[in-house]
1. Restricting to the range A:37-63, what's the tally of residues that are touching a Lys or Arg at 6+ places or on another chain (Cβ under 9 Å) and more than 16 Å from residue B:225 (Cβ to Cβ)?
2. Being assigned to a loop (DSSP other than H, G, I, E, B) and at pLDDT below 85 is the filter; apply it to the range B:621-651 and report the residue that is nearest to residue B:603 (Cα to Cα).
3. Take the conditions surrounded by 23 or more Cβ atoms within 10 Å (Cβ to Cβ) and in contact with a His (Cβ under 9 Å, 6 or more places away or on another chain) and apply them to residue B:64. Does it pass?
4. Given the conditions (1) free of Cβ contacts under 8 Å to residues at least 24 places away in the same chain; (2) of a type outside the set (A, V, I, L, M); (3) surrounded by fewer than 21 Cβ atoms within 10 Å (Cβ to Cβ); (4) closer than 23 Å to residue B:415 by Cα, and given that residue B:12 satisfies all but one, which numbered condition is not satisfied?
5. Would you check which residues across the range B:178-195 are at pLDDT below 90 and within 9 Å of chain A (Cβ to nearest Cβ) and list them?
6. So, residue B:459, is that one under 27 Å from the mean Cα position of the chain (by Cα) and either part of a helix (DSSP H, G or I) or not assigned by TED's automatic domain parsing to the domain that holds residue B:359 (or both) or not?
7. Working only within the range B:600-617, note down all residues that are in contact with a helix residue (DSSP H, G or I) (Cβ under 7 Å, 6 or more places away or on another chain) and over 29 Å from residue B:488 (Cβ atoms).
8. Can you confirm whether the range B:379-390 contains a residue that is assigned to a loop (DSSP other than H, G, I, E, B) and either without any contact (Cβ under 8 Å) to a residue 24 or more places away in the chain or closer than 30 Å to residue B:94 by Cβ (or both)?
Amino acid sequence: MAPKKAAPGSLKLSSVLDLNEASALHGKLMAMRGSNVTIDASQVERIGVQCGQVLVAGAKAWQSDKKSFLVEKASDAFEKTMQLIGIDGANLVAKEI
Amino acid sequence: MDMNEIKEIFFQECEEQLAELESGLLKLNDGDRDPETVNAVFRAVHSIKGGAGAFGLDDLVSFAHVFETTLDCVRSNKLEPSQDVLKVMLKSADVLADLVSASRDGGSVEESRTRTLVKELEALANGEAPPAAHAEAPKPAAAKAEAAKPTDDSGFEPVPFTFEGFGDDEEPAVQGSTYEISFKPRRELYSKGNEAALLLRDLSRLGEMSINCDMDALPDLDKMDPEDSYFSWKVSIKTSKSEDDIRSVFEFAEWDCDLEVKLAAADARDEELPMVPVPFDLSALDETPIAEEKPASAPVAAVSKPASAAPARAEKKESPAAAAAAAAQNNAAAAAAAAGQTIRVDLDRVDRLINLVGELVINQAMLSQSVVENDATGTSAVNMGLEELQQLTREIQDSVMAIRAQPVKPVFQRMSRIVREVADMVGKSIRLVTEGENTEVDKTVIDKIAEPLTHMIRNAVDHGIESPEKREAAGKDPEGTIKLTAKHRSGRILIELQDDGGGINRERVRQKAIDNDLISPDANLSDEEIDNLIFAPGFSTADAISDISGRGVGMDVVKRSIQALGGRISISSRPGLGSTFTMSLPLTLAVLDGMVVTVAGQTLVVPLTAIVETLQPEASAIHSFGATQRLISIRNSFCPLVDVGRILNFRATQANPVEGVALLVESEGGGQRALMVDAIQGQRQVVIKSLEANYTHVPGIAAATILGDGRVALILDVDAVVAASRGQSMKPEMSLAATG
């Protein structure tokens with residue numbers, strides 16, 4: 001369930017982001033360190049806390065890298081789950097400085 | 001259903017919860033650290049408290065509350081369930097049981113006992129909780145505060161308790177209370193297939209929820225383990241549901257998270273956390289293939305937009321995200337459902353049914369007999385129909401008997417309390433090990449073995465097991481062990497009580513027997529015979545209690561009770577190593593499969609379970625042995641031949657074996673004998689009628705029955721006959737029984 005081929009600097013999230021996907025997502029983000037990234041969460045049907053953790057850690061990492069990290073599109077499921085588990089939009093964004 | 005009936009149901013449930021509690025505590029005592037065991041223990045006390053609260057049983061609620069608080073410390077790993085801790089817990093379980101009994105039957109429990117234990121429980125909740133790992137959690141303080149509350153009713157929160165089918169007005173639910181929930185999942189929660197997001201979703205459905213996610217523990221991206229758990233939550237929820245309802249959301253994940261649920265103080269939220277309201281409409285999370293693409297107008301900002309008003313939070317399908325978790329939950333639920341498919345029936349009704357079926361069996365046998373007598377060919381339609389009736393009767397009987405069959409577990413559990421109490425009293429340390437608790441036997445038997453068993457257990461603790469000092473001096477573990485075993489053997493239940501104490505002091509038993517004129521001073525008795533002297537009535541004397549290192553207290557009473565049940569008891573003892581009491585009891589007191597035989601013109605029934613085979617002896621197979629003994633040669637081995645008619649004094653001289661039939665039987669002791677009878681009439685199920693209850697105990701006879709022709713037939717006690725044929729145990733056993 002790896003993300004589909006995407007333009008450099010953009011990451012399209014899989015539809016199911018459960019425990020099994022957390023490591024893959026982590027690997028993808030690690031590989032993208034150092035460049036600006038936009039996240040496409042429009043296909044997300046399901047996301048678990050662990051992938052949420054990876055995304056928040058990603059945003060923090062990008063913040064410390066002073067690169068931008070942006071969730072560009074988000075499905076309803078993605079938004080609602082984030083809201084449900086108390087992850088604010090601000091936790092998922094890093095700005096290039 | 002009126003309140004009294006509901007209360008009765010509550011007390012019945014209490015019995016079950018108490019059994020659950022005790023069995024859980026005993027498991028913990030044996031080193032079981034399965035979280036589910038602790039959970040079950042906690043739930044048991046919690047349920048009792050809940051019900052007691054609803055009925056205003058304040059003493060019970062007070063005690064259960066303190067108990068529960070301490071158990072909660074164990075549950076949340078703040079208190080290690082060490083042997084010492086469990087000792088207090090087990091005592092508390094006993095007091096709780098007494099409080100339940102007192103609430104049901106009136107009366108009270110000695111206040112000093114309750115008070116002492118409350119103090120001990122509070123001390124455990126306060127002092128011995130390891131502070132380290134969970135120092136930041138407010139629980140120990142909370143536990144302390146709670147435990148320190150006075151034990152009067154003002155100290156306790158009302159526990160909502162509702163009965164299905166009852167109007168809401170009976171038990172007002174908590175309206176719109178706000179609960180503060182702290183939820184910190186551990187890695188295992190996820191690895192076991194649970195998902196915190198789904199738990200939070202389910203929680204959000206209970207009411208109006210706000211949430212704060214604590215992300216402080218989240219490490220840097222490159223240092224994190226993507227499968228570990230870093231987030232934790234503080235949730236505030238305003239709901240009409242109870243704390244139990246809230247906890248039940250986490251029921252299957254409880255052991256893999258730190259969870260705290262508490263009622264929020266009137267207005268004040270204890271934390272000044274930015275709480276994000278959670279939308280009620282979480283339908284997007286419920287069904288998988290929704291996933292319509294919805295580009296957010298502003299990146300992510302939408303995520304934190306306030307919740308819209310709350311439509312459609314009705315029944316929703318479980319999200320596939322929960323698949324694994326749900327599977328586990330479903331299994332558990334299915335198990336619970338299966339366990340729940342029972343009805344409570346008044347025992348009297350079952351008994352009435354059993355009696356009626358017993359009469360039906362006799363009636364059917366009579367009918368069969370008279371039809372057979374009038375239909376020599378056996379081909380008439382009536383005869384055929386009768387066979388079917390016989391089959392059906394048999395099935396009905398089996399089914400009815402199965403209703404009464406119950407595991408011996410409750411009785412065994414009761415024994416652990418006796419061991420604890422008596423051991424405490426006499427300052428010994430004793431462990432009770434039970435085996436085969438699930439062995440099933442008729443309820444009547446269960447009810448009736450409790451008393452003799454209690455007596456024997458008391459004896460074993462008081463006299464069988466030596467003091468710790470003596471044990472140490474003898475190179476034994478200072479902690480004694482009593483082992484209680486139940487198993488089925490040849491259609492009977494065998495209960496063994498084994499201790500690793502000093503065994504019977506045969507010298508003293510012998511001397512006592514001589515002093516009491518039970519045996520003559522020059523009697524030549526085997527060890528076994530000496531051991532069995534303790535069952536003689538003369539041994540129930542006061543000085544025997546303290547003097548005899550082994551046994552001796554009222555064992556004649558025990559023996560009589562066992563015999564009245566159609567059972568037998570024997571003892572084997574090894575000096576310095578301990579004693580074993582073996583009780584053999586019938587599985588049911590109602591029916592018996594038997595072989596109907598003729599002996600000296602009398603009709604007897606021999607229990608089928610005892611018979612190995614039947615044979616027609618040939619003259620060449622019969623050998624004389626000594627003056628009166630005869631042996632029969634069966635497949636190159638010799639087996640003593642026993643003339644039943646002679647043993648039972650039906651005739652003065654032995655019958656000619658060649659003219660009769662030999663029934664090869666196996667006794668409890670494992671020995672084989674060939675029982676000689678004159679003829680076999682047939683094989684049938686007979687309804688047991690107690691001889692003790694209707695007449696008196698007859699040596700060699702277990703019970704009686706009514707045959708199809710209305711005559712009474714005696715049921716042979718095979719073991720007694722075998723023992724009598726040996727010529728040794730017969731005298732003590734049978735003569736004592738006769739005098740008893």
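1. The total comes to 9.
2. Residue satisfying both the conditions and the ranking: B:628.
3. Answer is yes for this residue.
4. Looking at each condition in turn, residue B:12 falls short on (1).
5. Within the range B:178-195, B:190, B:191, B:193, B:195 meet the criteria.
6. In short, yes.
7. B:600, B:617
8. Taking every residue of the range B:379-390 in turn, at least one turns out to be assigned to a loop (DSSP other than H, G, I, E, B) and either without any contact (Cβ under 8 Å) to a residue 24 or more places away in the chain or closer than 30 Å to residue B:94 by Cβ (or both).
The values are calculated or read from the model by the stated rules, or taken from the named source; none is laboratory data. None of the values given here were measured: they were computed from a predicted structure. No Cβ is skipped: glycine too gets one built from the backbone with ideal geometry, and neighbour counts run over all protein chains shown.
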